[in-house]
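The structure appears right after this line, and notes come after that.
The values are calculated or read from the model by the stated rules, or taken from the named source; none is laboratory data. No experiment lies behind these values; they were computed from the predicted model shown. Using ideal geometry, Cβ is built from the backbone for each residue, glycine included, and neighbour counts are taken over all protein chains shown. What goes into the accessible areas is simple: the full protein's heavy atoms, side chains included, and nothing from ligands, DNA or RNA. Shrake-Rupley method; radii C 1.70, N 1.55, O 1.52, S 1.80 Å.
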Amino acid sequence: MDSKKYIDVAEENLLHTYNRYQIVMEKGEGVYLYDTDGKKYLDFGAGIAVFAFGYGNKYYNESVKNQVDKLIHTSNYFYNVPATFAAKRLVKLSGLDRIFFTNSGTEAIEGAIKLARKYAYLKDGCTDHEIIAMHHSFHGRSMGALSVTGNAKYQEAFKPLIGGVKFAEYNNIDSVKALVNEKTCAIILEPVQGEGGIYPAKAEFLTELRALCDEKDILLIFDEIQCGMGRTGKMFAWENYGVKPDVMTLAKALGCGVPVGAFLAKQSVAEALVPGDHGTTYGGNPLACAAIEAVLDLFEKENVLENVKHVGTYMAKCFDELVSEKEYITSHRGIGLMQGLVFDEKIDLGKLIGKVIDKGLIVFSAGGNVMRFVPPLIITEKDVDDMMTILKASLKEMESEM
Ligand SMILES: *Cc1c(COP(=O)(O)O)cnc(C)c1O
């Protein structure tokens, strides 16, 4: 069957919620993806910041396969071995005290929101608590997560959303302070905004948020779903800032392909949720947690954080040069292997990315006109050189049509 046939069948049957590239991916190997026509793509999207260790990692695949043969699922009526160790290791890595496993990022956010509300409820018995979120944030598509996502386009048709959510300007402490009142129970943000356009927080902003939250007993929730798990050169992005949250959400690279998520909290907060308050059928099942354990093993084995810092610095240097050469690329932003090139509004980024992918390089967009680079964390300088070659060829082609 050629790819056109697969696409026709898919389009006949799937809900049309994505405008997909006309490509059917078939297999992956290292930093490359291959489509059903055998065409090879250098992947600087990594399944949206998921495949930290690339495709077909032997150790990861074997670990998951072994668990498939042992036990895939039980229920949360019982304990299971992989969840026990995955929990212990993530608690230790984060310096937080307790973890709840979910199946996705958006569910991790739902859990964090419920935890914040319950924590506040136990303090004052009120049921009208407020959450402050940021403009240009992205926290997921389920109703709670959508309610704290600062993007009117995603929200509009789905109103009414959950109540009591206010939006502040990212990196503007005064705009946050202006929204705080006695009902505020949590402030939620990404230490590096992903979908919103790769905006790293300013150190001062996070430090001031921490002080504000401490002063008013407001929970500081960091959404590390995209920027966490080594992407910025630290296990969690907040470690770059030395500002620790009360609650943290994880997903994406946590499972490196097996769908998982989690939220963690410090003890005094975590104990607000008691039996009956929250649950999930699949969350924390043995298969998912075996995947998490394999991911954590790989972080220990492969010195990947050093690689992120090293290759991230190299990629930033290449982008700096490009920004100085091309007047239609206005700047670049990011930390480690989470970077974005900001294009002038007159550039049709969708069309440009189509060209880039056609030439065998996968990148995604973010925010308004930002080309997003979130490659596997194991890439080399050579991979960055190859990426730049394809990117420059695509820019040249675009220039010739301008
Ligand atoms: C992707 C993402 C989510 C949502 O995760 P899903 O697994 O798609 O539900 C939430 N927050 C951030 C920062 C993300 O990048």
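Laid out as a table, the results:
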| read-out | value |
| --- | --- |
| Cβ pairs under 6 Å, 6+ apart, first in region 331-344 and within 13 Å of Gly197 (Cα to Cα), second charged (D, E, K, R) and buried (at least 23 other Cβ atoms within 10 Å of the Cβ) | Met338/Arg231; Gly340/Arg372 |
| Cβ pairs under 7 Å, 6+ apart, first in region 390-402 and in contact (Cβ under 8 Å) with a residue 40 or more places away in the chain, second open to solvent by 70 Å² or more (accessible area, probe 1.4 Å) | Ile390/Lys359; Ser394/Lys359 |
| Set Phe78, Phe85, Phe101: member being in a strand (DSSP E or B) and either farther than 25 Å from Pro375 by Cβ or open to solvent by less than 50 Å² (accessible area, probe 1.4 Å) (or both) | Phe101 |
| Selected residue (criterion: nearest to Asp297 (Cα to Cα)) from residues of region 107-129 that are within 13 Å of the ligand (Cβ to nearest atom) and either modelled with pLDDT under 95 or open to solvent by 20 Å² or more (accessible area, probe 1.4 Å) (or both) | Glu107 |
| Filtered residue count, region 165-195, keeping only those that are closer than 23 Å to Gly242 by Cβ and within 12 Å of the ligand (Cβ to nearest atom) | 7 |
| Matching entry among Ala203, Ala152 (being more than 16 Å from the ligand (Cβ to nearest atom) and at pLDDT below 95) | Ala152 |
| Hits in region 58-75 - residues which are open to solvent by 70 Å² or more (accessible area, probe 1.4 Å) and either under 24 Å from Val274 (Cα atoms) or touching a His at 6+ places or on another chain (Cβ under 8 Å) (or both) | none |
| Among the candidates Ser104, Ser137, residue that is within 30 Å of Thr84 (Cα to Cα) and within 11 Å of the ligand (Cβ to nearest atom) | Ser104 |
| Any helices (runs of 4 or more DSSP H) falling wholly within region 130-184 and containing at least 2 residues that are open to solvent by 20 Å² or more (accessible area, probe 1.4 Å) | 152-155, 173-177 |
| Qualifying residue in region 8-23 (condition: in contact with a Phe, Trp or Tyr (Cβ under 9 Å, 6 or more places away or on another chain), over 24 Å from Lys301 (Cα atoms) and surrounded by 14 or more Cβ atoms within 10 Å (Cβ to Cβ)) | yes |
| In region 269-326, the residues that are within 19 Å of Leu93 (Cβ to Cβ), in contact (Cβ under 8 Å) with a residue 12 or more places away in the chain and among the polar types (S, T, N, Q) | Asn307 |
| Those residues of region 26-48 which are over 25 Å from Cys227 (Cβ atoms) and either of a type in the set (Ser, Thr, Tyr) or touching an Asp or Glu at 6+ places or on another chain (Cβ under 7 Å) (or both), in sequence order | Glu26, Tyr34, Asp35, Thr36 |
| Hits in region 66-98 - residues which are over 25 Å from the mean Cα position of the chain (by Cα) and within 25 Å of Asn303 (Cβ to Cβ) | Asn66 |
| Pick from region 88-98, criterion open to solvent by 10 Å² or more (accessible area, probe 1.4 Å) and part of a helix (DSSP H, G or I), ranking: nearest to the ligand (Cβ to nearest atom) | Leu93 |
| Test for Met402: is it out of contact with any strand residue (DSSP E or B) (no Cβ under 8 Å at 6 or more places or on another chain) and open to solvent by 30 Å² or more (accessible area, probe 1.4 Å) | yes |
| Residue ID - nearest to Ile198 (Cα to Cα), chosen from residues in region 321-330 that are open to solvent by 40 Å² or more (accessible area, probe 1.4 Å) and touching an Asp or Glu at 6+ places or on another chain (Cβ under 9 Å) | Thr330 |
